[in-house]
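S.K.: Below is one structure. I have some questions about it.
The values are calculated or read from the model by the stated rules, or taken from the named source; none is laboratory data. Bear in mind that the values here come from a model prediction, so they are computed numbers and not experimental data. Virtual Cβ from ideal backbone geometry, glycine too; neighbours counted across all protein chains shown. Note: areas computed on protein heavy atoms with side chains; ligands, DNA, RNA excluded. Shrake-Rupley method; radii C 1.70, N 1.55, O 1.52, S 1.80 Å.
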Amino acid sequence: MRTVRAAFRFVTFTAATLGLYAVWLAANPFVSDKRRWRQWIFGAWTNSFVRISNMKIEVTGTPPTAPFFLVTNHLSYTDIGAIRAAVTGIFVAKKEVESWFLAGRICRDMGTIFIDRSNRRDIPRAGEKIIERLEHGEGVIVFPEGTSTKGDEVLTFNSSFFEFAAKSGIPVSYASLTYRTPTDEPPASMTVTWWDDIGFFAHLWRLFRIYEYTAILNFGDKTILHSDRKQLAKELQRSVAKSFVPVK
């Protein structure tokens, strides 16, 4: 039964992805408001993933409204669907994602801002892109841990992600994210979080085998502002960690 479920979901999600991207490519030349069109397609795609994978979403606190700069801990690619269901925005991703077959192109077309974390010269460029998106009324989401984790704890935030925010006086919103699975399913730390040495499609197959899972988002009740990027990173990490519930 689990194998049949995974196969059906895999085929359905692939068809939804390719179908929505085909609609994007076909209609994009004729749409005047590119940002709104991009956000609509991106939202339709993430919502399709949420439904197909049978993700339940619980939200506490008040999600920010665009424009906003939001940071959360990072557990899996499923974070994108969970967060995008609660807020309308685009994501900041590591440069390597841009080279992924097809997925990299789709992410780029959906407005993802790529950053080369190994090149400090690329940080100001990414910061300028983020400010540009904020000025145009969009929300921007970043995972400052720099990697997805098993969900035992919130890792130290990379302060380089906040250099532009500290210099420009941009207030930062935050949220913590965790997952759980029903008692009769394998634990979320082994099926939802993506931290072990396994490829994306192999992990996606593992995820699609379980019947359902729940994403729990806890939004902070205030924004954090600081002129020192290192101090800003520390305060945000402490705030996220305070409300974070370890993944079991």
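S.K.: For F201, only one of the following conditions fails: (1) in a loop (DSSP other than H, G, I, E, B); (2) without any contact (Cβ under 8 Å) to a residue 24 or more places away in the chain. What is its number?
M.R.: It is condition (1) that F201 fails.
S.K.: Taking the stated definitions as given, is T178 out of contact with any Asp or Glu (no Cβ under 7 Å at 6 or more places or on another chain), hydroxyl-bearing (S, T, Y) and open to solvent by less than 20 Å² (accessible area, probe 1.4 Å)? Spell out how you get there, then give the answer.
M.R.: Working: out of contact with any Asp or Glu (no Cβ under 7 Å at 6 or more places or on another chain): yes; hydroxyl-bearing (S, T, Y): yes; open to solvent by less than 20 Å² (accessible area, probe 1.4 Å): yes.
Against the criterion (out of contact with any Asp or Glu (no Cβ under 7 Å at 6 or more places or on another chain), hydroxyl-bearing (S, T, Y) and open to solvent by less than 20 Å² (accessible area, probe 1.4 Å)), T178 qualifies.
S.K.: Can you find even one residue in the stretch 148-156 that is outside any loop (DSSP other than H, G, I, E, B), open to solvent by 40 Å² or more (accessible area, probe 1.4 Å) and within 30 Å of V4 (Cα to Cα)?
M.R.: Step one: filter the stretch 148-156 for residues outside any loop (DSSP other than H, G, I, E, B), giving none.
There is no residue in the stretch 148-156 that is outside any loop (DSSP other than H, G, I, E, B), open to solvent by 40 Å² or more (accessible area, probe 1.4 Å) and within 30 Å of V4 (Cα to Cα).
S.K.: Okay, next question. Let me confirm something: among A82, A86, A66, which residue is over 17 Å from E138 (Cα atoms) and of a type outside the set (F, W, Y)? Steps first, please.
M.R.: On the way: A86 fails: over 17 Å from E138 (Cα atoms); A66 fails: over 17 Å from E138 (Cα atoms).
Answer to the selection: A82.
S.K.: Something else: If only one of S239, S189 is under 30 Å from F8 (Cβ atoms), assigned to a helix (DSSP H, G or I), hydroxyl-bearing (S, T, Y) and at pLDDT 95 or above, which one is it? Lay out the reasoning, then the answer.
M.R.: Numbers: S239 fails: under 30 Å from F8 (Cβ atoms).
That would be S189, the only listed residue that is under 30 Å from F8 (Cβ atoms), assigned to a helix (DSSP H, G or I), hydroxyl-bearing (S, T, Y) and at pLDDT 95 or above.
S.K.: Which residue, of F8, F42, is assigned to a helix (DSSP H, G or I) and either open to solvent by 60 Å² or more (accessible area, probe 1.4 Å) or over 16 Å from I80 (Cβ atoms) (or both)? It would help to see each step written out before you state the result.
M.R.: Details: F42 fails: either open to solvent by 60 Å² or more (accessible area, probe 1.4 Å) or over 16 Å from I80 (Cβ atoms) (or both).
After applying the criteria, what remains is F8.
S.K.: Need the failing condition index for K167 against (1) in a loop (DSSP other than H, G, I, E, B); (2) charged (D, E, K, R); (3) surrounded by fewer than 17 Cβ atoms within 10 Å (Cβ to Cβ), just the number.
M.R.: Condition not satisfied by K167: (1).
S.K.: Sticking with this structure for a sec: Could you tell me how many of the residues in the stretch 97-140 are closer than 24 Å to T65 by Cβ and of a type in the set (K, R)?
M.R.: If we filter the stretch 97-140 for residues that are closer than 24 Å to T65 by Cβ, which is where we start, we get 107, 110-113, 126-140.
Pick out the ones that are also of a type in the set (K, R) and you get 129, 133.
Of the residues in the stretch 97-140, 2 are closer than 24 Å to T65 by Cβ and of a type in the set (K, R).
S.K.: Filter the stretch 201-229 down to residues that are open to solvent by 50 Å² or more (accessible area, probe 1.4 Å) and β-branched (V, I, T), then give me how many there are.
M.R.: The qualifying residues number 1.
S.K.: Would you check which residues across the stretch 150-169 are of a type outside the set (G, A, S) and at pLDDT below 95 and list them? I'd like the intermediate steps shown before the answer.
M.R.: Let us first name the residues in the stretch 150-169 that are of a type outside the set (G, A, S), namely 150, 152-158, 161-164, 167.
Within the stretch 150-169, N158, F161, F162, E163, F164, K167 meet the criteria.
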